[in-house]
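For reference, the structure discussed in these notes is given below.
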Amino acid sequence: TAGRSCGDGLLGAGKHCRFPEGLLLSHSHHRAALVLSSSSAYKRFSELLPKEERENARSVRIPKSHILTLPELRANPFQHRICHVFSTSEAGDDSMSFEDFLDMLSVFSDSATSDIKSHYAFRIFDFDDNGILDRKDLEKLVNCLTGQGEESRLSSAEIEQLIQNILEESDIDKDGTINLSEFQHVVSRSPDFARSGGVQQ
Amino acid sequence: RDFQQADVKYLSRWKKWKRTSSKSLKKMLNEVKGLSSYLVLWRHDIRNIGGRFGTGIQSYFSFLRFLVLLNFIIFILMFGFVTLPTIISTYGIFNSTVAKISPQNIEYNCTIYEPRGNKGLVYFFTYLQDLFSGTGFLEVTSLFYGYYTVDNVWISMMRYNLPLAYLLATFAYLALSLLWIIKRSVGGFKQNLVHDADQFQSYCNKVFAGWDFCITDPNAAWLKQRSLQYELQTDLEEERLKQKIADRTIKEKLRIYSLRIIINIIVVAILSGCFYSIYRVTVFSQENSNVSMRTDSIDNMNFLANLLVQYLPSMVMALANFFGLQIFTFLIKFEDYLPAFEIILTLMRCVFLYLANIGVLLFSLWSQISDCAAGKCEPCGYNYELYPCWESNVGQEMYKLMLFDLIMILAMTLFVNFPRKLLVSHCSWKLIQWYGFPEFGISDNVLQIMYGQTICWIGTFFSPLLPAIATVKYFVIFYIKKISLIHTCKPAAKPIRASISNLFFLAMLLLGLLLAFIPLGVSIASIPSSKACGPFRNFNTSWEVVPVTILEFPIGLQKVLFGMASESFAVPIFMVTCLIMFYLIALSGAHKRVIEQLREQLVLVRFDPLY
């Protein structure tokens with residue numbers, strides 16, 4: 001598939017991903033209305049299914065382990081969070097239907113506005129799903145970024161200093177946590193987020 | 001989709017048609033965009049490099065691509081307006097003729113110019129030497145200024161003023177380069193200016209926007225994680241250092257400041273040493289190569305020696321640049337600055353070194369050309385015996401510099417990077433392992449590119465086909481660097497971000513361009529043009545063709561143009577420009593204040609029950 005670009009910084013610039021073209025979004029009423037102009041998303045979704053189930057791919061849910069084989073998610077430290085956030089499964093097993101898959105692709109594509117991207121980024125980073133980014137979330141976030149091995153973690157003093165700095169920069173109401181509007185405010189002025197693709201042209 | 005389909009029922013037919021046609025138009029535009037992106041040079045290669053090595057290095061390669069395009073456009077410009085008419089008229093195509101007006105009021109001696117050209121039997125070594133130093137057969141080709149000894153070109157009744165075209169094409173390529181670079185840097189600059197007040201937001205930037213969601217290779221992901229870790233640790237360390245610096249005692253401060261003064265004196269001494277040696281070497285090279293040219297005794301044995309003498313200035317410059325860089329990198333550690341400032345200061349010193357070296361080379365050339373002791377340049381204003389066609393000589397020096405630059409890059413990759421990689425991967429001695437794999441140092445590479453491009457800009461006036469050589473050179477360099485990167489280098493532990501590196505490359509290039517204005521300005525306006533060759537034979541200086549042409553315009557237009565060049569016009573324009581600048585600065589300051597106020601309001605909104 002001719003890939004459209006996806007993010008360099010979080011969901012921002014950099015142009016060699018394989019996310020399919022032509023997903024147009026109109027984000028009214030907080031729900032994306034998708035207009036498919038190419039069937040490459042459907043093709044990719046059905047490729048994740050075993051052959052027998054491909055005909056009714058639209059109504060099937062793919063288990064998390066299959067989703068994680070996607071090249072874009074395979075090497076991503078946030079893979080589990082991404083599956084969790086985009087999955088609408090009631091069973092809580094993070095399986096994704098075709099609609100969920102499309103949601104995920106549309107948020108990652110070039111044509112999503114930075115509002116949408118930052119909204120989903122916030123949800124991905126909110127490890128305990130309580131609607132705010134507190135110290136524990138930030139600590140888990142930093143450890144994801146630097147790697148899980150022993151020598152790739154920052155020391156606890158460094159993490160403390162780092163979290164202190166992050167809160168100083170982004171916590172406007174000084175309550176020790178980052179809520180969605182503070183997060184969106186901070187991310188909207190981030191040059192690597194906004195360089196291209198993340199900001200609506 | 002449900003919402004859209006629901007809406008559709010209630011729309012009139014006209015609106016329906018409008019909506020479907022705009023959708024299909026958008027789709028068509030997308031397709032065209034998609035197709036045209038395939039035409040972009042090296043698109044695939046650069047994306048792969050970005051995926052494997054990060055966006056900083058990727059922007060270096062797209063910078064190379066930009067330079068290939070820029071040089072190609074400059075070449076088209078010079079070729080189309082200068083070379084093509086000359087060639088057409090020389091060979092009489094399209095019923096065209098050349099008009100060579102013999103110079104009036106000029107001593108006969110000034111017009112003697114006999115380049116060796118293709119006369120007589122040409123030995124193979126002579127041929128090689130001519131190829132590498134631009135003398136002999138190469139000197140009389142359209143590569144150099146001397147070929148364009150044409151005053152007017154007549155193309156079936158239309159007069160084409162070649163001298164004016166030559167000068168205007170020069171200004172055009174300088175203006176084009178300036179505008180293109182500024183246009184490319186404005187985007188990045190705008191962002192930096194807005195975010196300037198928020199430099200303290202760098203941690204959030206790194207943590208929230210730090211992960212590259214395009215990484216698909218687990219190895220690349222591991223590398224990215226290491227680089228993020230390194231970056232965060234470096235930033236935290238820098239913050240701790242800042243704290244330490246703020247806590248310095250007076251005694252420590254005195255010690256550090258005196259150390260810095262000493263080191264700056266050393267730096268100045270090194271720079272002066274470089275300048276002096278380049279001056280001496282250029283003078284030496286000019287004197288000895290002239291002697292051998294004139295006596296025409298090219299001995300096969302002396303071929304290498306001759307070539308060495310010719311390339312001595314380029315070699316000394318390359319050595320000075322290389323050692324200067326190493327010494328500056330070494331010295332700055334003693335000055336105890338913050339790591340970010342260390343890099344900037346070293347780069348500033350190196351940029352100054354590289355550009356000033358070029359300046360000194362040109363200055364020493366000019367001192368030779370205008371060497372008027374003992375009445376050597378009485379009738380003509382320049383040293384006509386040694387330099388009957390001095391612009392070609394300057395062009396030859398630039399040509400040699402450019403060739404040597406390319407050879408050096410090739411040699412460094414082949415004879416330093418590859419052996420180093422082989423050594424490190426097959427030999428397990430501690431010393432060699434400590435030496436490590438070569439790293440792709442972005443700053444060194446960008447300095448080299450800036451140096452090469454400045455030479456090209458200066459040299460194009462004296463050698464109109466030089467941009468073609470530069471285009472081929474950058475084309476080759478792209479592949480050399482790419483191979484070197486992929487096969488020998490390991491990704492840098494501390495990668496530069498794309499947003500910063502783009503601005504940095506363009507700023508360096510802009511510095512080079514601004515420096516290029518100075519020698520060109522001096523050559524065009526101040527040094528008398530050679531009377532033996534070139535399109536400006538009948539003028540005192542190259543610039544003089546412009547006033548002479550203006551004098552041929554109708555009186556009204558003349559008055560306007562001369563008025564524009566006078567002080568009574570320039571001063572008010574300057575004042576108006578200053579006023580506009582102050583207004584814009586004040587406006588941006590006001591915007592920043594508004595941003596601050598809005599931020600504070602955001603805090604209030606959380607707690608004020610009224611909202």
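Every read-out reported here was derived from the displayed coordinates using simple, explicitly stated rules and does not represent laboratory data. From a predicted model like this one, the values you see are computed outputs, not experimental measurements. Glycine also receives a Cβ, built like all others from the backbone with ideal geometry; neighbour counts cover every protein chain displayed.
Computed quantities for the displayed model
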read-out	value
Restraint check, A:LYS43/B:LYS27; B:LYS33/B:LYS490; A:LYS117/B:LYS224; A:LYS174/B:LYS251, Cα-Cα greater than 28 Å	B:LYS33/B:LYS490; A:LYS174/B:LYS251
222 nm mean residue ellipticity, helices alone, for chain B (DSSP H n ≥ 4; -39,500 (n - 2.57); rounded to 500)	-24500 deg cm²/dmol
Diffusion coefficient, µm² s⁻¹, Stokes-Einstein with Kirkwood Rh over alpha-carbon pairs of chain B at 10 °C and 1.306 mPa s	55 µm²/s
Given charges at Cβ of Lys, Arg, Asp, Glu: chain B dipole, positive-most of B:ILE93, B:LEU319, B:SER588	B:SER588
Cα-only Debye scattering, the stretch A:113-200: base-10 log of I(q)/I(0) at q = 0.12, 0.14, 0.20 Å⁻¹	-0.38, -0.52, -1.00
Positive-end residue, the stretch A:36-111 charge dipole about Cα centroid, Cβ charges, pick of A:PRO71, A:VAL107, A:ALA91	A:PRO71
Normalised alpha carbon radius of gyration of the stretch B:205-247 [divisor 2.2 N^0.38 Å]	1.50
Dipole in debye (nearest 20) - chain B, about Cα centre, beta carbon charges: Lys, Arg +1; Asp, Glu -1	2800 debye
Enclosed volume per residue, in Å³, of the convex hull spanned by Cα atoms of the stretch A:86-125	65 Å³
Three-way shape label, the stretch B:515-572, alpha-carbon gyration tensor, a/c 1.5	oblate
Enclosed volume per residue, in Å³, of the convex hull spanned by Cα atoms of the stretch B:504-603	166 Å³
Reach of B:LYS244 by Cα under 26 Å, taken over lysines that are not fewer than 8 positions away in the same chain	B:LYS206, B:LYS253, B:LYS333, B:LYS494
Global geometry of the stretch A:56-111, whether rounded, prolate or oblate, following the gyration tensor of its Cα atoms and the 1.5 cut on a/c	oblate
Distance between the stretch B:47-89 and the stretch A:95-125 - C-alpha centres, whole angstrom	38 Å
Full-stretch length increase - A:ILE132, A:ASP93 - with 0.36 nm per residue and alpha-carbon distance subtracted	11.8 nm
Residue order, fewest to most surrounding Cβ atoms within 10 angstrom, among B:PHE363, B:PHE94, A:PHE45	B:PHE94, B:PHE363, A:PHE45
Pair A:ARG123, B:SER526: separation of 7 Å Cα→Cβ label points (nm)	6.7 nm
Chain B: angle of helix B:498-525 to the longest principal axis, Cα-based, in degrees nearest 10	20 degrees
Where labels lie 7 Å past Cα in the beta-carbon direction, separation of B:ALA246 and B:LEU579 in nm	4.4 nm
Likely footprinting exposure, A:HIS80, B:HIS487, fewest C-beta neighbours within 10 Å first	B:HIS487, A:HIS80
Computed label-point distance, nm, for sites B:VAL560 and A:GLU53 using a 7 Å Cα→Cβ extension	7.7 nm
Cα centroid separation, the stretch B:518-591 to the stretch B:240-293 (Å)	37 Å
In degrees, nearest ten, helix B:218-246 long axis to first principal axis of chain B (Cα)	90 degrees
